[in-house]
Every structure is written in structure tokens, then in C-alpha cells.
Amino acid sequence: MNSEKKTISVMIPCYNEEENARAIYEAVRDELRTSCPDYDYEILFIDNKSGDRTREIIRGICAEDQNVRAIFNVKNFGQFNSPYYGMTQTSGDCTITICADFQDPVELIPKFIAEWEKGYKIVIGIKTRSEESRLVYWLRGRYYKLIRKMSSCEQIEQFTGFGLYDRSFIETLRSLRDPTPFIRGIVAELGPERKEIEYTQPKRRAGKTKNNWYSLYDAAMLSFTSYTKAGLRLATFGGFLIAGISFLIGLVYLIGKLLFWNFFSAGYAPIIIALFFMGGVQLAFLGFLGEYVMAMNSRIMNRPLVIEEERINF
């Protein structure tokens, strides 16, 4: 590579993307060669233990193009750890993260680079509309607004991680050593001034989405426990409130019994209802507290983000 040129790194996380792997490589390569000819480039695939032909396809691409590198994980380390680790393994002057399913528009790459050259250390894509699922997009919007109000630091609405990050910010990511990183929150909390570029999220080019309600819930809980105290405060205040209400109801019931009100001699129904209600409230609050405990436990164990099985072209 020409040492006088700046190098653009493009990091592409993969999991069972045999229908998209070569297509996204060719699209990114052609975009860089056509729209950004004054830059050198590297493309880094990080595969999260795909069970299809994704790795075979990536091996073929690496054999054809020495600018393409690959990291194969020994197992699936989740939707957050693998992309984050991939970002820290790039070597360019900036790193662009883009999904393999074409829901992150490749044509935004030159726009990101242009804003980076103006001095922005972070340039991110913000979804203003999605062609995939209106319901999921709407629910995400409501959640972002909720978490933004509850969080102690600013949160970015409709941001998935798609964007450009200067080498200086990549160094920040390398230094964090967070075993459960949430890049969307880290960008908001620790990132320098950023430029936001709006886009419409297209449908997947091929294959099925790997996101489901469980993975979306996992993402929501990670951001919730990492950047808010709302769950703990809700449990505390809710506990005091329900205890106070229960005390007042008990006092009224006792007075009624002492005055021989027939209404208060209705058997065990009020007690059973109260027990079920309190049991449900306690389980809900235990669930909240458990999410925080699990987040703390993951950080205390300080396990590696991923374990590599193989590297190609490094």
C-alpha cells in the first residue's frame, strides 16, 4: 500500500450470511475504489461462528484480495462483543462499521469520509425510516425516547452502530476493556463531537434477520442496566409506595373488623388477592434487580470479548 495515503478500514460482522458475504464485499470494494480512489483500504470480516458457507466464502475472498482480512471466532459471542472486538482489530486511520445484510447503505461511505475529513472524529448514520418492519421501528423509537429520559448521559435515537470512527476513538475502545460493551451507549457517553447523517433503512438483501424479540430484549436490558438507575429506583420507590398502601388497607380492614362491618367478613378473597398482587410485584422487582446483578457479574468476571479460532491475511 502507498504509505502516503490514508487507509480506510471497513469492518463487517457476519453470522450465517452466505447469501450476502461476497455481495457486500464487492459492493464495499467497488464503492471505495470508485468514490474514494485517493485512499487505501482494508476490509475486515469477523465471523461469529456461522453454521453455513459464510466462512468458506470469506476464505475465497481473502485468497483473491490481500486487502481483505478475516477473524473467525471459536463460537458465537453475541451481537455486541464480536462487532466491538472487530472494531478494535482494524488498523486504518478510521474504521467504518457496516452490516453484511445491506441494511446499512454502502453509498453512505463516501459521505462519512467527507465529514471525517472536515474534522469530525465520529460520523454516524441515523435511521429516519425503515422499510423492514414498521412495528419494530416504532417500538425502537419509543424505547429510545424512554431510555433517553431515564439515562444519566445522552442517548442517540435510532442509532445502530453504523458509522465512521476515527483511529483516536478506536484507541479509546481498546483501552476500555469492557467485557459487555454497548457501542451505542459508549459513543454517546465517551465519543467526541459527532456528525449525524440521516438515512432510510432498506430491507435485507437476502437471508433472514438474526434479530428476534429475545435479542431485542437483550439489547434493551444491556443499555438499561448500563446507563440508567431507573430499575433500582423504581424498585425502591415502588416498594415504599406499595408498603404504604398495604399498611393503609390493612388499617382500614382492621378498623372495619372491630366495628363489625359485614363487608369485611367476606372470607379469604381479599387476602388471596393481596398475596397474588404482592407476589407479582415482588417478582417484577426481583427481575429488575436480577438484570443489574447479571450485568455486574459479567463485568466482574472480566472474560475476553471473543476467543479467536483463526486469522487470515494479518
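The values are calculated or read from the model by the stated rules, or taken from the named source; none is laboratory data. Given the structure is predicted, the values throughout are model-derived calculations rather than measurements. Here the Cβ is made from the backbone with ideal geometry for all residues, glycine too, and neighbour counts use every protein chain on show.
Points to keep in mind about this one:
- Candidates THR180, THR128, THR160, THR172: the one that is of a type in the set (Ser, Thr, Tyr), surrounded by 19 or more Cβ atoms within 10 Å (Cβ to Cβ) and out of contact with any Cys (no Cβ under 9 Å at 6 or more places or on another chain) is THR180.
- Residues in the stretch 154-180 that are farther than 15 Å from SER91 by Cα and of a type in the set (Asp, Glu): GLU154, GLU157, ASP178.
- Contact annotation: residue pairs with Cβ atoms under 6 Å, 6 or more positions apart or on different chains, pairing a residue in the stretch 22-49 that is among the hydrophobic types (A, V, I, L, M, F, W, C) with a partner that is at pLDDT 95 or above and surrounded by fewer than 18 Cβ atoms within 10 Å (Cβ to Cβ), are CYS36/PRO110.
- Filtered by the rule that a residue be part of a strand (DSSP E or B) and farther than 21 Å from CYS36 by Cβ, the stretch 67-124 gives ALA70, ILE71, PHE72, ASN73.
- Checking the stated criteria, ILE61 turns out not to satisfy the condition of being in a helix (DSSP H, G or I) and in contact with a Lys or Arg (Cβ under 6 Å, 6 or more places away or on another chain).
- Remark: pairs (first residue in the stretch 180-208, without any contact (Cβ under 8 Å) to a residue 60 or more places away in the chain; second residue β-branched (Val, Ile, Thr); Cβ separation under 8 Å; 6+ apart in sequence or on different chains) = ARG184/ILE156; ARG184/THR160; ALA188/ILE156; LEU190/THR172.
- Here is the figure for the stretch 53-104: residues that are closer than 25 Å to THR172 by Cα, surrounded by fewer than 21 Cβ atoms within 10 Å (Cβ to Cβ) and among the charged types (D, E, K, R) total 1.
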